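Notes follow the structure.
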Amino acid sequence: MPSVLTFTFIFLLITTTLIRLWLGRRHISYVQTHRKQVPAAFENNITLDAHQKAADYASAKTRLVIIEAVVAALLLAALTLGGGLQLIDDIWRNLLPTQEIIRGALVICSALLVSSFIDLPFEYYKTFVIDEKFGFNKMTPAMFLSDLVKHSLVGLALGAPILFAALWLMQGAGQYWWLYLWLVWSVFNLVMLAVYPTFIAPLFNKFSPLKDENLKQRIETLLTKCGFKSQGLFVMDGSARSSHGNAYFTGFGSSKRVVFFDTLLERLNVDEIEAVLAHELGHFKHHHVIKRIVLMFLVSFLGLALLGWLINQPWFYTGLGVTQKSDYMALVLFLMVSPVFLFLLRPIMASYSRKNEFEADDYAANHASAKELVKALVKLYRDNASTLTPDPLHSAFYDSHPPASIRISKLAAYTS
Ligand SMILES: [Zn+2]
């Protein structure tokens, strides 16, 4: 059995990495081939310069993703089959021979730390080299560092209790520990959804009530017309970090709020903002958020049930390079390895998400204006330097949003 798992894991790790590389190469070459000319549908609104900037931005980002995929695959192989996790475990076993729960937490934190050492340079490069070059970056290295510290502290404050709860249940709750852990995890997630907008997001950004009276009135009218209650309209200082624009809904139940990036308000006029908001409302009205949460609960239930079985199979450890069986090792192995096994589900998730986008667009077309939404989208594509000509296969595999041309031609059909 170890050899079957080892073989399958190596096979999938290599295949999925090759697929990533192949899709990335395709995307870059497609984008570069279409770089010379603005697609006909956008000719009047997007200059050749802007189009070429988007092409080069997409290519630069994709090149980085390709390198990152290779490095991540090598790191995962080194941590598992290469014996890295076992080595981390050995070190902590020497320092802390008893106290399995604390040792488990330390082993898991060490493994996460090693992974983040690899992620960090990529994030830094993306922000300070790529985004900087294309004029999107507003961060300073000091801010990057303070964000990192804040993120780590918040992650520790929220993650430590759930990690200890997991290890404690695994050790002492008997055969159905995974079911109890699933309940704890689900409650934790619901609480997070409720407290995130009011308590956590403000640690990173400033949120101020929307002041523009004219805009406020338009939005309130739209919200009432759509039967939507929110806990307020807020403007977020997105411009402190990046000049990319966005708008979103956040929270759950009574903590629901509408958040606009200041960058979005600067660039769109009132009609366009109303259309963008109507699109976001469409997501709520079609219960996309709830469906996503239910799906997440279902996936974590299946995952934990599977882990509840795997934890007792000796080949699960030996097949992935771990010689000494333990609860925490099962947990960390499972978290690290499962994305490799789930990678091929990505296109299904992406296509589901794109279907949701069309539904939200449809809602916006019926409750605001399809024409204004098109105008807003074109501005956003332009200002965010999103490519108008993604490789169709790359897009089908990864993109949560439909390609610009398809989305806009569907919206245009409402107005004609
Ligand atoms: Zn959307």
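The values are calculated or read from the model by the stated rules, or taken from the named source; none is laboratory data. Remember, predicted model here, so these are calculated numbers, not experimental data. Glycine gets a Cβ as well: all are built from the backbone with ideal geometry, and neighbour counts include every protein chain shown.
In region 278-301, of all residues being within 23 Å of THR221 (Cβ to Cβ) and among the small types (Gly, Ala, Ser), the one that is farthest from the ligand (Cβ to nearest atom) corresponds to ALA278.
Just one of (1) in contact with a Pro (Cβ under 8 Å, 6 or more places away or on another chain); (2) more than 20 Å from LEU277 (Cβ to Cβ) trips up PHE358, so point out which. The number of the failed condition is (2).
Taken over region 202-223, the criterion of being in contact with a Lys or Arg (Cβ under 7 Å, 6 or more places away or on another chain) and surrounded by 13 or more Cβ atoms within 10 Å (Cβ to Cβ) is satisfied by PHE204, LEU210.
Of all residues in region 189-200, those satisfying the criterion of being farther than 23 Å from VAL235 by Cβ and touching a residue at least 24 places away in the same chain (Cβ under 8 Å) are ASN189, LEU190, MET192.
State yes or no: is LEU304 in contact with a Leu (Cβ under 8 Å, 6 or more places away or on another chain), modelled with pLDDT of 90 or more and closer than 30 Å to THR80 by Cα? Against the criterion (in contact with a Leu (Cβ under 8 Å, 6 or more places away or on another chain), modelled with pLDDT of 90 or more and closer than 30 Å to THR80 by Cα), LEU304 qualifies. Checking the conditions here, which among LYS291, LYS325 is over 20 Å from the mean Cα position of the chain (by Cα), of a type in the set (D, E, K, R) and on the phi < 0 side of the Ramachandran plot? It is LYS325. Among the criteria (1) closer than 30 Å to VAL258 by Cα; (2) under 21 Å from the mean Cα position of the chain (by Cα), the one ALA142 does not fulfil is (2). Annotation: of all residues in region 185-220 being touching a Leu at 6+ places or on another chain (Cβ under 7 Å) and part of a helix (DSSP H, G or I), the one that is farthest from VAL276 (Cα to Cα) is LYS216. A count restricted to region 389-416 and to residues that are more than 17 Å from the chain's Cα centre (by Cα), within 16 Å of the ligand (Cβ to nearest atom) and either not in a helix (DSSP H, G or I) or not β-branched (Val, Ile, Thr) (or both) stands at 5.
Within region 402-414, residues that are more than 14 Å from LYS375 (Cα to Cα) reach partners that are of a type in the set (Ser, Thr, Tyr) and part of a helix (DSSP H, G or I) with beta carbons closer than 7 Å, at six or more positions or on different chains, in the pairs PRO403/SER395. Of the residues SER115, SER29, the single one that is more than 30 Å from ILE408 (Cα to Cα) and either in contact with a Phe, Trp or Tyr (Cβ under 8 Å, 6 or more places away or on another chain) or of a type in the set (Ser, Thr, Tyr) (or both) is SER115.
Would you call SER29 surrounded by fewer than 17 Cβ atoms within 10 Å (Cβ to Cβ), within 18 Å of LEU335 (Cβ to Cβ), out of contact with any strand residue (DSSP E or B) (no Cβ under 9 Å at 6 or more places or on another chain) and of a type in the set (S, T, N, Q)? It is false that SER29 is surrounded by fewer than 17 Cβ atoms within 10 Å (Cβ to Cβ), within 18 Å of LEU335 (Cβ to Cβ), out of contact with any strand residue (DSSP E or B) (no Cβ under 9 Å at 6 or more places or on another chain) and of a type in the set (S, T, N, Q).
Pairs are defined by a Cβ separation below 6 Å, a sequence spacing of at least 6 or placement on different chains, a first member in region 337-366 that is within 15 Å of LEU411 (Cβ to Cβ), and a second member that is more than 16 Å from the ligand (Cβ to nearest atom); the pairs so defined are ALA365/TYR414. Selection of first residues in region 90-113 that are buried (at least 18 other Cβ atoms within 10 Å of the Cβ) and of second residues that are of a type outside the set (Gly, Ala, Ser) and not in a helix (DSSP H, G or I), restricted to Cβ pairs under 8 Å at least 6 apart or on distinct chains, gives the following pairs, ordered by first then second residue: ARG103/LEU96; LEU106/LEU96. Of all residues in region 30-46, those that are under 23 Å from LYS375 (Cβ atoms) have Cβ atoms under 9 Å from Cβ atoms of residues that are of a type in the set (D, E, K, R) and surrounded by 12 or more Cβ atoms within 10 Å (Cβ to Cβ), 6 or more apart or on another chain, in GLN37/GLU43; PHE42/ARG382; ASN45/LYS375; ASN45/LYS379; ASN45/ARG382; ILE46/ARG382. You will find that of LYS285, LYS325, the residue that is touching a helix residue (DSSP H, G or I) at 6+ places or on another chain (Cβ under 8 Å), at pLDDT 90 or above and surrounded by fewer than 17 Cβ atoms within 10 Å (Cβ to Cβ) is LYS325 and no other. Within region 342-386, restricting attention to residues that are of a type in the set (Ser, Thr, Tyr) and touching an Asp or Glu at 6+ places or on another chain (Cβ under 9 Å), the residue that is nearest to the ligand (Cβ to nearest atom) is SER353. Pairing each residue of region 174-188 that is without any contact (Cβ under 8 Å) to a residue 24 or more places away in the chain with any residue that is in a helix (DSSP H, G or I), provided the two are 6+ apart or on different chains, yields C-beta distances under 7 Å for TYR180/LEU169; VAL184/ALA165. VAL154 meets the conditions (1) closer than 30 Å to GLU266 by Cα; (2) of a type in the set (Val, Ile, Thr); (3) touching a residue at least 12 places away in the same chain (Cβ under 8 Å); (4) surrounded by fewer than 16 Cβ atoms within 10 Å (Cβ to Cβ) in every case but one. The failed one is (1).
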